[in-house]
1. For region 103-112, check the following and say yes or no: at least one residue is part of a loop (DSSP other than H, G, I, E, B), open to solvent by less than 20 Å² (accessible area, probe 1.4 Å) and under 30 Å from residue 505 (Cα atoms).
2. In region 414-436, is there at least one residue being under 17 Å from residue 517 (Cβ atoms), touching a Phe, Trp or Tyr at 6+ places or on another chain (Cβ under 8 Å) and open to solvent by 10 Å² or more (accessible area, probe 1.4 Å)?
3. Checking residue 308 against (1) in a loop (DSSP other than H, G, I, E, B); (2) within 16 Å of the ligand (Cβ to nearest atom), which single condition isn't satisfied?
4. Quick check: is even one residue across region 530-552 under 27 Å from residue 636 (Cβ atoms) and open to solvent by 30 Å² or more (accessible area, probe 1.4 Å)?
5. In this structure, is residue 72 under 27 Å from residue 506 (Cβ atoms) and either basic (Lys, Arg) or touching a residue at least 60 places away in the same chain (Cβ under 8 Å) (or both)?
6. Can you tell me which condition residue 579 does not meet? The list is (1) at pLDDT 95 or above; (2) within 17 Å of residue 481 (Cα to Cα), and all the others hold.
7. Of everything in region 505-554, what is β-branched (Val, Ile, Thr), part of a loop (DSSP other than H, G, I, E, B) and more than 16 Å from the ligand (Cβ to nearest atom)? Give them in sequence order.
Amino acid sequence: MLDFNLPEIPRVDAIDKVRGLTAYGADDARADLAHAALTTATINRGSIRKLDTSVARAIPGVLLILTHDDLRHIEPAGFIMGGGFAFQKFQPMRSVDIAYFGQPIALVVATSYEIAMEAASKISATYHAEDFSVLLDAALEKDYIDQVDTPLPQPMFSDVQAGDADAAYASAPERVDATYTSPAQHQNPMELIATVAEWHDGRLIVHEGTQNAGGLRAGLAKQLHIKPDQIDIISPFVGGGFGQKNSLQMQTVFAAIAARELKRPVKIVVPRTQIFQDAAFRPASRQRIRLGADRSGKMLAAIHDAEAQTSRHDFFPSQYAATTSQLYGIENFRGHEVLVRMDTQTPGYMRAPHEHVACFAMESAVDELAYRLDIDPVELRLINDTTIDPISKLPLSSRHVAECLRRGADLFGWPKRNKVPGSMKRGDGSLVGWGVAIGVYPGLTAPAVARLRVTRSGDVSISVGVHEMGQGVRTALASIVASRLKVPAQSVIAEIDDTRGAPQHLTAGSWGTATAIPAASAAVDAMVAELKKLSPDFDTQTPAQVLAASGRDDLAVEIRQKGPGQPDAIFDQLESGGIAAAGPLYPKFATYSYVAHFVEVYVETTTRRVRVPRVVSVADCGRVVSPRTARSQVQGAVVWGIGAALREVSEVDARFGGFLNSNIADYVICVNADIGTIDVDFVNIPDPEANSVGVKSLGEVAMTGVAPAITSAIYHATGRRLRDLPVRIESLL
Ligand code: MOS
C-alpha cells in the first residue's frame, strides 16, 4: 500500500465549466454541419405496412431520408451484456419490424435542425399492430423467465444461495414477509444523447458523450463492416452518464451513414422525449423479502424473490439478491430472480441499477424487523455485521459498516430519537420522522493501460482508460499525478474518453477511480524510477528540471494494470472494446463499498407533503483520493435517492405503451427547494487489498440505502409502512 496523503484541490475543470467553455460531444456549430432527426414508431409491436416520405422529401432543405429500405446492411452490434456493444441487441431500421413504441423508423437529414424536425414529423406510417405488454402486473405466464439459454454471463442468473434458508426461515422465532415494488425510471442526464459524425479519407470520426469510447468504436465498426482502427471516438466530457451512455446508442450509426452519404459532417441530438423511448432505463421490479430472526436480533434466514422487467429481445441481467446477500452476515440466504419480458426497449444500468431498489426492499424489511423485535434499527444492524462474504465465504478486503453507522448516529444525534411512531412533532404540528438504512455496492475494477509523459517545458500528460462524466476523475487524476510528481495540478493534462489514446474501457459500475487512479499511480512510480536514473537529485527537482539537466525533451512510460487474479489475456478483451471488469469476487477476497444514511423527514399534517430537511451519510469507499469531488458524488447520490423515493417514476399505461411522461416537466425530479442539508463523512480507511491505492467504489454505493432510510423515517413519523416507490402524497392520506 502506498503511503501518501492527497491534498484537497479544486476541480481542475471547474472554471471552464462555469464559464460554459467545456465542449461536449455535440457542441459543434460548424457551418457545414447537416442536422438529422428521427421519426419514431407509434405502435408497441408489429411491423410497418407502408411508410410515406413524399411530403418530407418535398420540404426545401431536406438533404437525405433513410428508412429500412436503405439500411438493411447494418450489422447489429449486439447487446452489451451478451458479448456485444449496444444498449440492446435489436437494431432498428434494418427491417419493417417494430419492437417498441418510439423505435426509429426513418432518419431525415436537412440543412438545419428545424427543417429536419419538421420533415421528420411529416413522415407517416401505417402499421400492422400486434398485442403487447408493458406492465409487470399485466405480464402473461409465458413472459416470465427464470433461466437463460443465451450466451450471457450465466452467474448473474443463478440463485444466490448459502445454507438452508427455507428451513431456517420456517423455524425462526420472529419473521417478516413483505413485498416491495419500484417503477421504471429514466436517467435524464443534462446532456442529451447526441452524435456528430464526419469522415476524412475513409476514417470515421465520432464526437459523442459516452462512458464507453472503446465499446462505441468496436460496435460501430461491426455495424458498418469496417475496422475499429478506422474509427476515432472523441468525447472529452460527458454531461452525465448514469449508465445511460454506457454503450452504443441507436443514433450513432445513422449519423455515420448519413455523413458518409452526404460527404459532410452530420449532427443528431436526440430529443429527450425520444430518449425516454429509445435508451436504457431502470426496469420496474417487484421484490418479496422474507427475514427470520431470533429474539436477540440475530438474523437467521433471508429469502429474496425478485421479478424485474426486461425487453422481448434481451435478457437484462439482474443483481438484486447479489446485493441483499451482502448487507449482513446471514448464514442462510436464498435469492431467486425472474425476468419478465415486455415490449419496450431493453432496460439497463441506471445509477445503482439493482442495488438501490434491492437495498430499498431489504432495508425496509430490516426496519420492519427492528420494530417487531423492539430493537433499535442501528443496533439491529450492528448485531448482524460480518467480516466475510456470507455467500462465497471469502474474507472481505474491508468492511466498515459499523463505523459508518456509529459515526452517522453520532453526527445525526440518533440517540435523541423517540422510537414511538408519531411521537416527534415540530412547532407547527408537522410530524417528524427519523430513519436509517445502509447500502452496499460491489468493488469492481477494470484493466487499464496508463501512459504518462513529461516534457522539458513542464507539461505532464496522463492517458488512461476512463471517462469524465462529471464525477471528477480529471481532478482525481491531476491530484495524484501532480502531488506525486511535485508539479501544479493545472499542469496535468488527462487524455481520457478518446480512442486516440490509451484503450478506453467502459467506465461504469463505480470502477472508474479504482481503475484509473491505481494505474496512474503505477505510471508515476515508473516515471519516478526513470527520472531517478537520469538524475540522482530527483527528490529536489521537478521532472522538467531533470529533463533539462540531462538534455532530453521528454520522457514517457507505459504501465499495464489488471484486476487481482485476471489473466494476461484480459488485455486482449480490453483492446477489443468488450467488458473486462473484475470483482467483486477476487481469488482471495471479496470487495464491497458501504454507506449508512440517516434521514429526517417532516410530514405536514394537512397536505401530507413530505420534506427531507436533513441527511447524514457516512461512506466506506476505502481511501478518499479526491475529497471535494467525492463529497459531491455522495451529495448528488443522496439528492437522487430522495428523488427516487419521493418523485421519479416513468409512467406506463397498458393501453398506450411507451412511457407517458417523457419529458422533465412531467417526469418529476428533485430541485434545490427539495433538498435540505446533506452532511457527508467518510471512514477513509484505505482498503488493504483491493489495489495499490486502497480505493473502492463510491458513486453508486452512495445512492443505495437512501430510499429505505426515507420510507423508514416516514413510518417513524406516521406509522404508515409504505412499500411501493415512489411514495406519493395519496399513499399518506
Ligand atoms: Mo453505472 S449505472 O454502472 O454507469
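1. Going residue by residue through region 103-112, those that are part of a loop (DSSP other than H, G, I, E, B) are 103, 111-112.
If we keep only those that are open to solvent by less than 20 Å² (accessible area, probe 1.4 Å) too, we end up with 103.
Next, from what is left, pick out any that are under 30 Å from residue 505 (Cα atoms): 103.
Within region 103-112, one or more residues are part of a loop (DSSP other than H, G, I, E, B), open to solvent by less than 20 Å² (accessible area, probe 1.4 Å) and under 30 Å from residue 505 (Cα atoms).
2. Step one: of region 414-436, the residues under 17 Å from residue 517 (Cβ atoms) are none.
No.
3. (1)
4. no
5. no
6. (2) is the only condition that residue 579 fails.
7. Going residue by residue through region 505-554, those that are β-branched (Val, Ile, Thr) are 507, 513, 515, 517, 524, 528, 540, 542, 546.
Next, only the ones that are part of a loop (DSSP other than H, G, I, E, B) stay: 507, 542.
542, the sole residue that qualifies.
Results for (1) over 16 Å from residue 124 (Cβ atoms); (2) in a strand (DSSP E or B), shown as yes or no for each residue.
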| site | (1), (2) |
| --- | --- |
| 6 | yes, no |
| 16 | yes, no |
| 37 | no, yes |
| 42 | no, no |
| 56 | no, no |
| 59 | no, no |
| 70 | yes, no |
| 77 | yes, no |
| 91 | yes, no |
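The values are calculated or read from the model by the stated rules, or taken from the named source; none is laboratory data. Just so we're clear, the structure is a prediction, and the values are computed from it rather than from any experiment. Neighbour counts run over all protein chains shown; Cβ positions are idealised from the backbone, glycine included. What goes into the accessible areas is simple: the full protein's heavy atoms, side chains included, and nothing from ligands, DNA or RNA. Shrake-Rupley method; radii C 1.70, N 1.55, O 1.52, S 1.80 Å.
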